[in-house]
Each structure stands twice: as C-alpha cells, then as structure tokens.
C-alpha cells in the first residue's frame, strides 16, 4: 500500500541557551491512506513536536538535523509559506487539546466557523470559485456542526464558547478541522480535558468520522485505552524515538519493547484483582545529552552492555506479525 505520509530518519533539535535539545532522533513512520494511527508515550517524549513538524507549526528555535517528511509525495520540509497555506486545513488538519485556547471567547461559534469556511473556500486551488454568500456559509456551518453530532446546530451558531460544555467545544474544533475536507487529520490529546463519559463520546465520534470520510488519522495520547478505541495501529514513542510500531490488537496482546510493557503494566485493570500499579522506574533522560545506545537503557531491567553501546534499529520481528516492528536488542 502506498504511504500517504512518510517520515524517514527525522532528527530535530531545539536551540537553547544551554545547547541543542535533541527532541527527535531518527524517527521512522509511515501512514497509508485511510489508516488510523495512535502515537503514545510519556509527556515530553516528542509526540506533539512530531505532529507539529507534519503541519509546519514548529517554533523558530527548531532546527532539522536530517531526514525527510513527505506527504502524498510532496517534501514538507521544503514548503514555503505559500505551500503551507495550500496544505494546512485543506489537505492536512489538526485538532488541539484545549478548545478554550483555540476558540476566541468574544466571537460567536457561527462567526468563528464562518471565518474558517470563507478562508478555506478562498485557499489556493479554490481561488477561481465565486465568493460564498452569507446563506451558503451558514448552511455549511450547520452541516459541519451536525456532522460532529452537535444538537440544534442552527441555534448553536449564535452562542459563545463559554456557553458550551467542554465536549461541545471540542466538537466545534473537530468541525473546523473538517472544513477543508482534509486527507490527514492529526488529533493532539483531543480528550485530555474531558470527563470519562464525554471522552468516550468524542472518541466514538472520531472513529466514526475517520471511517465515514476515509480520513487518515494520527491520534496523539498518553492513554493507550483511548488510542485503542479509535486506532487500528499504535506507535510507541520514548525520548524522541519510535520504539515499537504494531497493530493495536497485537501491541495490547503481546508488547515486545520493555517500555511498551511498562506502559501497559501501569494501567489499572477494573476486572482484575486489586493490586498496586507498577510504575516505570526513573524518568525521561535529559535530551541535552541523551544516553548513548538505547535511550531507554537507564530505566530498563533488561539492559545489557550492548544496549548501553549500540542503538537498536526499528525492525520487523522475526517471529511476530509482519507489521510488528520493535527497536530493542532483547525483543
């Protein structure tokens, strides 16, 4: 299957007064058309930075050391401002984790959604189309709000963000992301600020939209359960590297990397016996001077001299599922 998104040996630093922080180091990842991928790992492991690299929203201090990011055959690292205007929202869209940060509190939902509709309609590639009338913009806004299952969508256009619940605000952001009918949707911790019941509703909505609209979807989370509810495939990140990449079923059933096993062992089992949760000893390494060899070896019970000296390569398992890849000398 041809990859829609291909990330190859991608290395990125953040320049600081203390030196270069090696945020991403040799990331290898592919995503096919219509595929749903979950990206999981501890806070600070580089998930959001990788996502922002794909949509071109990196800070000025970011420096790409090597590698490539290609979307539908186009080199994203070579895009200028005009190319990004053509891509963002139109072909690649992103949902952020805190709706109140990305919704203007003094503008109505109808005004904000309508502005996005007008901008996307006038984007490069749609420039020859006649300007939309107010009635057309309103009709499209109602259609999008109904698509994300918001009740009484027409009345909702006159309301302001503070008058909506957290789940409703997140659905508005999803509707905005779908305005340009993108081929790739990136969701950065879309359910973090929501209670459990609303989380389940938003996750079910995203799963349905991905299937119905044939969207390729990358969902970023530290919650393996949330990812498994939406995604068919999961990539586990640790300290700026991909350490395991497998189908969701395979990874939950038989994780091979010690870090993946640690993440699963830290999850409570509501159906099992009462037992203390098992945490992963230690903390993420200092990425100003990351450890040599495997970046996980200072926290790993299986670490050997080879782990301290030689960096493992993400490769398919010899005895596992053909698409199950692990970066571990002891997998």
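The test for being closer than 30 Å to residue 164 by Cα, at pLDDT 90 or above and surrounded by fewer than 16 Cβ atoms within 10 Å (Cβ to Cβ) does not hold for residue 249. Against the list (1) touching a strand residue (DSSP E or B) at 6+ places or on another chain (Cβ under 9 Å); (2) not in a helix (DSSP H, G or I), the condition residue 83 fails is (2). Counting the residues of region 294-313 that are in contact with a strand residue (DSSP E or B) (Cβ under 6 Å, 6 or more places away or on another chain) and in a helix (DSSP H, G or I) gives 0.
Out of 255, 291, one residue alone is under 21 Å from residue 29 (Cα atoms), in a loop (DSSP other than H, G, I, E, B) and free of Cβ contacts under 8 Å to residues at least 24 places away in the same chain. It is 255.
With the structure loaded, tell me whether residue 76 is farther than 21 Å from residue 209 by Cβ, crowded, with 19+ Cβ neighbours inside 10 Å and without any contact (Cβ under 8 Å) to a residue 24 or more places away in the chain or whether it fails that test. Considered against the rule, which asks whether it is farther than 21 Å from residue 209 by Cβ, crowded, with 19+ Cβ neighbours inside 10 Å and without any contact (Cβ under 8 Å) to a residue 24 or more places away in the chain, residue 76 comes out as yes.
Looking across region 258-288, the residues that are in contact (Cβ under 8 Å) with a residue 24 or more places away in the chain and touching a helix residue (DSSP H, G or I) at 6+ places or on another chain (Cβ under 7 Å) come down to 260, 263, 264, 267, 285.
When residues in region 196-232 are screened for being over 25 Å from residue 89 (Cβ atoms) and without any contact (Cβ under 8 Å) to a residue 24 or more places away in the chain, 2 of them pass. Residue 235 - would you say it is buried (at least 18 other Cβ atoms within 10 Å of the Cβ), touching a residue at least 12 places away in the same chain (Cβ under 8 Å) and closer than 30 Å to residue 201 by Cα? Spelling it out, residue 235 is indeed buried (at least 18 other Cβ atoms within 10 Å of the Cβ), touching a residue at least 12 places away in the same chain (Cβ under 8 Å) and closer than 30 Å to residue 201 by Cα.
Taking the criterion of being surrounded by fewer than 20 Cβ atoms within 10 Å (Cβ to Cβ) and closer than 19 Å to residue 210 by Cα, the residues of region 5-34 that qualify are 30, 32, 33, 34. Does residue 235 meet the test of being in a helix (DSSP H, G or I), closer than 28 Å to residue 98 by Cα, under 17 Å from the mean Cα position of the chain (by Cα) and at pLDDT 90 or above? Against the criterion (in a helix (DSSP H, G or I), closer than 28 Å to residue 98 by Cα, under 17 Å from the mean Cα position of the chain (by Cα) and at pLDDT 90 or above), residue 235 does not qualify.
The values are calculated or read from the model by the stated rules, or taken from the named source; none is laboratory data. Nothing here was measured: the structure is a model prediction, and the numbers come from that model. Here the Cβ is made from the backbone with ideal geometry for all residues, glycine too, and neighbour counts use every protein chain on show.
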